[in-house]
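Encoded as structure tokens, the structure appears first; notes follow it.
The values are calculated or read from the model by the stated rules, or taken from the named source; none is laboratory data. Treat the numbers as computed from the prediction; the structure is a model and nothing was measured. Every residue, glycine among them, receives a Cβ derived from its backbone with ideal geometry; neighbour counts consider all protein chains shown.
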Amino acid sequence: MELWLGFAPQLIDNQLFVNALDLKKTVQPLLSADTIWPTRTNRIIVIDPGHGGEDAGAKSILGNRYEKEFTLDWARRLASLLTAKGWQVYLTRANDSDLALSNRVAVAEQRKGDLFVSLHFNSAAPNEDQAGLETYCLTPSGMPSSLTRSFEDDLTLTFPNNSFDGQNVQLACVVHRALLRVNGNHDRGVRRARFPAVLRGQQRPAILIEGGYLSNRREARLISEPGYRQKLAQAVANGIEEVAGRDHEIVVSTDDKNQRSELSPENLQGSSQRPVAR
Ligand SMILES: [Zn+2]
């Protein structure tokens, strides 16, 4: 799996050196056995279907269909899967309405979300070849971004969501890996960006997923199939359960009968897995 570092590793006297900030903010959280996720059972997630209303997002190469429709459907499918797993789920928009980025952050705040996941599809039009999955989390302070989209990338800035740098990259990697199994490993990597306002104001772990290219014929066809969107939703749900479902391990050891009754063997399986760099 591709994982973008902030700085190119260097070969000094035939030894490979990785920048200390990359070690601290990317490598270490992925290798750490310490669980840094909150131990609670009534977990709240806010899912953000990208775009909506006047803001249609990317246009499919296959005709008059737009990103906003596919992100909403993906979000609804993910919502019902996570609800079945005991999550309290809120969508930033439940219909075809326009919603400012700041309002999407406000919804997560209002609902006291433990997690925030923004869903998008990509476009490289008029380039039809570019394809694959990308998962973004906020760039840690002091690190250059993988993507700037011609926004200024001020390395000195620290945003509220930077308090969750470690959890962001854990969540991004596990969800990304689950998604890659669905799309045949067309991998464009876990990346860092500083400009997405929908991420940087979040007071909780947050990621943004680009689930494929609507400007690529093969991926646009897949994305237009409800069955494929269900697989994408299932992959994200599995990834979220694998990371944030870890608390079940701790709950079991307390031998609390009330909480134990909420556990399913499926949840327990997920909790024993750790995100690792591959
Ligand atoms: Zn988008």
What residue, among those in the range 1-26 that are aromatic (Phe, Trp, Tyr) and within 25 Å of the chain's Cα centre (by Cα), is surrounded by the fewest Cβ atoms within 10 Å (Cβ to Cβ)?
PHE7
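I'd like to verify a number: residues in the range 123-151 that are over 20 Å from the mean Cα position of the chain (by Cα) and modelled with pLDDT under 95, how many? Lay out the reasoning, then the answer.
Within the range 123-151, the first condition is being over 20 Å from the mean Cα position of the chain (by Cα), and the residues that meet it are 124-130, 142, 150-151.
Imposing the further condition that a residue be modelled with pLDDT under 95 reduces the set to 150-151.
Counting residues in the range 123-151 that are over 20 Å from the mean Cα position of the chain (by Cα) and modelled with pLDDT under 95 gives 2.
Has the range 208-221 got at least one residue that is assigned to a loop (DSSP other than H, G, I, E, B), modelled with pLDDT of 95 or more and aliphatic (A, V, I, L, M)?
yes
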Over the range 208-228, the set of residues within 14 Å of the ligand (Cβ to nearest atom) and touching a helix residue (DSSP H, G or I) at 6+ places or on another chain (Cβ under 9 Å) is LEU208, ILE209, GLY211, GLY212, TYR213, LEU214, ILE223
Are any residues in the range 46-99 in a loop (DSSP other than H, G, I, E, B) and of a type in the set (Phe, Trp, Tyr), and if so, which ones?
TRP87
Extreme residue, farthest from the ligand (Cβ to nearest atom), among residues of the range 61-84 that are hydroxyl-bearing (Ser, Thr, Tyr) and either surrounded by 23 or more Cβ atoms within 10 Å (Cβ to Cβ) or over 26 Å from GLN130 (Cα atoms) (or both)
THR83
Looking at the range 157-190 only, could you name the residues that are assigned to a helix (DSSP H, G or I) and of a type in the set (Ser, Thr, Tyr)?
SER163
Contact list please: Cβ distance under 9 Å, first residue in the range 51-80 and free of Cβ contacts under 8 Å to residues at least 24 places away in the same chain, second residue of a type in the set (D, E, K, R) and part of a helix (DSSP H, G or I), pairs at least six apart or on different chains.
ALA56/GLU67; ALA56/LYS68; ALA56/GLU69
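Filter the range 114-133 down to the residues that are in a strand (DSSP E or B), among the hydrophobic types (A, V, I, L, M, F, W, C) and either under 18 Å from VAL182 (Cα atoms) or within 15 Å of the ligand (Cβ to nearest atom) (or both) and list them by number. Step through it out loud before you land on a result.
Going through the range 114-133, the residues in a strand (DSSP E or B) turn out to be 115-122, 133.
If we keep only those that are among the hydrophobic types (A, V, I, L, M, F, W, C) too, we end up with 115-117, 119, 121, 133.
Across the range 114-133, the qualifying residues are VAL117, LEU119, PHE121, LEU133.
Among the residues of the range 139-153, are any in contact with a strand residue (DSSP E or B) (Cβ under 6 Å, 6 or more places away or on another chain), part of a loop (DSSP other than H, G, I, E, B) and within 16 Å of the ligand (Cβ to nearest atom)?
From the range 139-153, those in contact with a strand residue (DSSP E or B) (Cβ under 6 Å, 6 or more places away or on another chain) are 139, 145-147; that's our starting set.
In the following step, the residues that additionally are part of a loop (DSSP other than H, G, I, E, B) were identified as 139, 145-146.
From what is left, the residues that are within 16 Å of the ligand (Cβ to nearest atom) are none.
Checked the range 139-153: no residue is in contact with a strand residue (DSSP E or B) (Cβ under 6 Å, 6 or more places away or on another chain), part of a loop (DSSP other than H, G, I, E, B) and within 16 Å of the ligand (Cβ to nearest atom).
For (1) among the polar types (S, T, N, Q); (2) within 16 Å of the ligand (Cβ to nearest atom), each residue gets a yes or a no:
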| position | (1), (2) |
| --- | --- |
| LEU3 | no, no |
| VAL27 | no, no |
| SER32 | yes, no |
| ASP96 | no, yes |
Just a yes or no: is a residue in the range 101-114 within 27 Å of LEU222 (Cα to Cα) and in contact (Cβ under 8 Å) with a residue 24 or more places away in the chain?
no
